[in-house]
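Scroll down for the structure; my scribbles are underneath it.
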Amino acid sequence: MGHTTLGMRLSQLTGVFMCGSVHSAIAIAMGRYIALIYPLKYSLLFSTKNTIIFAIIAWGFGVMQHAPTLFPQCFYYFDFRYYTWMYSDTQCGQFLSWFSDLCYGFTMLTLVGGPNLATIFQLHRAKAKSALTTLDANGRQSYRQQWRFFLQAFMSSAIIMIIFIGFHVVKKSMKLRFIHFITGCLCVIVVHGTNRFLQFYILLIKLKLIK
């Protein structure tokens, strides 16, 4: 189905969802950092209206990035021979693979990781200034919750980076289809699976079902 019209459209949608998710992760990481350092500015910058605008921009850029794949020379598909996502073996396809996808994707993940690292640095400074033993119950709960949110974002960013490495490096050097599948499709499942697990874990804590 990879080279069929349906297969290519599904591949394009997959790319849009991937890019939209990464762009959204950038906004989430920035929001978490601003909320920690500038709580008053956060309430103004990330109002309901502005959050909707940020979401539209994030997904709009995701659509724009994969718009070139609508052209026959630049299509994007799932190759069943190697169990991995591929760009067409043309000049346009190779350009999108190495520059628009690899370089752009690496930059996006850097923008996700940067604010998260800044957040963890600020959390560490807060811990150094005021030990957990001197915090009240609400302070300890807030601190631990921030750590869980950071862990969720860090795990997602790290696993997505593995996807990019697998997509651009492993597929060009390995001939085993199962390795391609692990470094590509399975990593996506792991990303969403860990996110949902952590969200469920945080929900249980909020409901005070676990400590």
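Quick check on packing: order 40-46, 30-36 by the mean number of other C-beta atoms within 10 Å, highest mean leading.
Ranking the peptides 40-46, 30-36 by packing returns 30-36, 40-46.
Give me the extension gain from THR110 to GLN91: residue separation times 0.36 nm, minus the current Cα-Cα distance, reported in nm with one decimal.
4.1 nm
Which order do the peptides 61-69, 102-110 come out in when sorted by mean C-beta neighbours inside 10 angstrom, highest first?
Highest mean packing first, the order is 61-69, 102-110.
Hey, rough spin-label estimate for SER47 and ALA35, points 7 angstrom out along Cα→Cβ, what's it come to in nanometres?
Computed distance between label sites SER47 and ALA35 equals 1.9 nm.
Can you compute the modelled spin-label distance between ARG125 and ILE57, with each label point 7 Å from Cα toward Cβ, in nm?
For ARG125 paired with ILE57, the spin-label model returns 2.5 nm.
For the range 26-102, what is the convex hull volume of the alpha-carbon atoms per residue, in Å³?
In the range 26-102, the Cα convex hull volume per residue is 117 Å³.
Laboratory data are not the source of any read-out in this text; all were calculated from the coordinates shown. What you are looking at is a predicted structure, and each value in this text was computed from that prediction instead of being measured. In this analysis, Cβ positions are derived from the backbone assuming ideal geometry, glycine residues included, and neighbour counts consider all displayed protein chains.
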